[in-house]
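Asker: Here's a structure for you.
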Amino acid sequence: MEQNPYELADKAIELLNKKAVRRFNEAQSKAALAKFDELTIIGLTKELYESLAQDNQDTMLELAQMVYRQTKPHGSQIPVVGWLLDFFMAYNPVMKYVYQHEIDRKRQYTAEGINSAKDKPKEFQRGLMYWSRMTDQMCIEVTDAARLKAFEDAGVKWVVWHTEHDEKVCEECEPRDGKVYPIDNIPSKTHWGCRCWFTIKE
Ligand SMILES: [Zn+2]
C-alpha cells in the first residue's frame with residue numbers, strides 16, 4: 001500500500017508558514033513606523049491579507065497539481081485555478097466555513113484587534129497564529145480534494161478509508177479504518193488535523 005499522502009502538504013505548510021511569518025513581521029514594522037495609526041492599519045491589513053491569500057492560492061494550486069499527478073490512478077484533468085477557486089468558495093464541513101469568506105473575516109478581526117488593543121504586536125502574532133492554523137488545514141483539505149478528483153477522473157467508484165495507525169488516531173476515525181465508501185458519498189472528516197486518507201478499493 002502506498003504511504004500516507006501528506007508529504008507534499010507538509011512541504012507546502014512549511015513554505016506558507018515561513019512566508020506568512022515574514023509578511024506579518026513586515027506589516028508590523030510598517031505599522032509601528034506609522035505609530036499604529038488606525039487608517040494605516042486598515043490599509044496595511046488589507047494589503048497583508050491580499051498577499052497572504054495570493055501566496056496560499058499559488059502554493060495550493062501547485063500542491064493540488066503535484067498531488068494529482070502522483071496519485072495512482074489519476075485522470076487527465078489536472079486541477080486548474082478555476083477548480084481551486086471553486087474549492088475555496090465551497091462550504092468546508094471540517095472547518096465549518098467557506099475559506100474564501102473567512103479570509104476577509106480574519107482580516108477584519110485582526111485589524112479591529114490591532115486598533116483596539118494596547119499590545120499591538122501581540123495582535124499581529126494572534127493574526128498570524130489564526131492564519132497559519134487555517135492554512136495548515138487547507139493544505140490537508142486541498143490534498144484530499146485533489147486526490148479524490150484524480151480518482152474520480154480515472155473512473156474510480158469506491159475508496160477505502162485509512163487512519164494513520166498511530167496513537168494520534170482520533171476515536172471518531174477508528175471505526176472507519178478499512179471501510180469502503182462510494183467516492184461520491186464519503187462521510188466528511190470530523191475534526192481539524194485529521195490525517196486519515198483514502199486509497200482505491202483493490
Ligand atoms: Zn482521522
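The values are calculated or read from the model by the stated rules, or taken from the named source; none is laboratory data. Keep in mind it's a predicted model, so treat the numbers as computed, not measured. With ideal geometry, Cβ positions are generated from the backbone for all residues, glycine too; neighbour counts draw on all protein chains shown.
Asker: Are there any pairs with C-beta distances below 7 angstrom linking a residue in segment 121-145 that is closer than 21 Å to Glu7 by Cβ to a residue that is among the basic types (Lys, Arg) and not in a helix (DSSP H, G or I), with the two at least 6 apart or on different chains, and if so which?
Answerer: Sorted first by the residue in segment 121-145, then by its partner, the pairs are Ile140/Arg195.
Asker: How many residues does segment 22-42 hold that are loosely packed, with under 14 Cβ neighbours inside 10 Å and in a helix (DSSP H, G or I)?
Answerer: 6
Asker: Starting from residues that are within 16 Å of the ligand (Cβ to nearest atom) and of a type in the set (Val, Ile, Thr), keep the ones in segment 128-158 and report whichever is surrounded by the most Cβ atoms within 10 Å (Cβ to Cβ).
Answerer: Only one residue tops the list, namely Thr143.
Asker: Hey, could you check segment 165-174 for residues that are more than 9 Å from the ligand (Cβ to nearest atom) and on the phi < 0 side of the Ramachandran plot and say which is modelled with the highest pLDDT?
Answerer: Residues of segment 165-174 more than 9 Å from the ligand (Cβ to nearest atom): 165-167, 171.
Checking which are on the phi < 0 side of the Ramachandran plot leaves us with 166-167, 171.
Working: Asp166: 66, Glu167: 63, Glu171: 78.
Only one residue tops the list, namely Glu171.
Asker: On the given criteria, is Val156 farther than 24 Å from Arg133 by Cα, assigned to a strand (DSSP E or B) and in contact (Cβ under 8 Å) with a residue 24 or more places away in the chain? Working first, answer last.
Answerer: On the way: farther than 24 Å from Arg133 by Cα: yes; assigned to a strand (DSSP E or B): no; in contact (Cβ under 8 Å) with a residue 24 or more places away in the chain: yes.
Here the answer is no, as Val156 does not meet what is asked.
Asker: Still on this structure, I have one more. Going through segment 190-202 one residue at a time, which ones are more than 11 Å from the ligand (Cβ to nearest atom), in contact with a helix residue (DSSP H, G or I) (Cβ under 9 Å, 6 or more places away or on another chain) and either part of a loop (DSSP other than H, G, I, E, B) or among the aliphatic types (A, V, I, L, M) (or both)?
Answerer: Ile200
Asker: For Trp161, all conditions in the list (1) within 13 Å of the ligand (Cβ to nearest atom); (2) exposed (fewer than 13 other Cβ atoms within 10 Å of the Cβ) hold save one; what is the number of the exception?
Answerer: (2)
Asker: Where residues in segment 174-202 are over 19 Å from Met138 (Cα atoms) and of a type in the set (A, V, I, L, M, F, W, C), which of them is nearest to the chain's Cα centre (by Cα)? Full working, then the answer.
Answerer: In the first step, residues of segment 174-202 are kept if they are over 19 Å from Met138 (Cα atoms); the result is 174-185, 199-202.
Now restrict to residues that are of a type in the set (A, V, I, L, M, F, W, C): 180, 183, 200.
On the way: Val180: 25, Ile183: 21, Ile200: 23 Å.
Checked segment 174-202; the qualifying residue nearest to the chain's Cα centre (by Cα) is Ile183.
Asker: So, one more: Sort out which residues of segment 43-61 are surrounded by 15 or more Cβ atoms within 10 Å (Cβ to Cβ) and either in contact (Cβ under 8 Å) with a residue 40 or more places away in the chain or of a type in the set (A, V, I, L, M) (or both), and write them in order of number.
Answerer: Leu44, Thr45, Leu48, Tyr49, Leu52, Ala53, Asn56, Thr59, Met60, Leu61
Asker: Is it fair to say Ile103 is touching an Asp or Glu at 6+ places or on another chain (Cβ under 6 Å), at negative phi and assigned to a helix (DSSP H, G or I)?
Answerer: no
Asker: Also, I was wondering about something else. Please go through segment 164-185 and pick out each residue that is within 24 Å of Leu61 (Cα to Cα) and surrounded by fewer than 16 Cβ atoms within 10 Å (Cβ to Cβ). Before you say what the answer is, go through the steps one by one.
Answerer: First, pick out the residues of segment 164-185 that are within 24 Å of Leu61 (Cα to Cα): 183-184.
Once the filter is applied, which keeps residues that are within 24 Å of Leu61 (Cα to Cα) and surrounded by fewer than 16 Cβ atoms within 10 Å (Cβ to Cβ), segment 164-185 yields only Asp184.
Asker: So which residues in segment 29-68 are of a type in the set (Phe, Trp, Tyr) and under 26 Å from the mean Cα position of the chain (by Cα), if there are any at all? If you could, list the steps in order and put the result at the bottom.
Answerer: In the first step, residues of segment 29-68 are kept if they are of a type in the set (Phe, Trp, Tyr); the result is 36, 49, 68.
Passing the criteria: Tyr49, Tyr68.
Asker: Is it the case that some residue within segment 175-189 is small (Gly, Ala, Ser), over 27 Å from Met134 (Cα atoms) and within 15 Å of the ligand (Cβ to nearest atom)?
Answerer: There is at least one residue in segment 175-189 that is small (Gly, Ala, Ser), over 27 Å from Met134 (Cα atoms) and within 15 Å of the ligand (Cβ to nearest atom).
Asker: Just checking, how many residues over segment 69-116 are surrounded by 16 or more Cβ atoms within 10 Å (Cβ to Cβ) and among the small types (Gly, Ala, Ser)?
Answerer: Here the count works out to 2.
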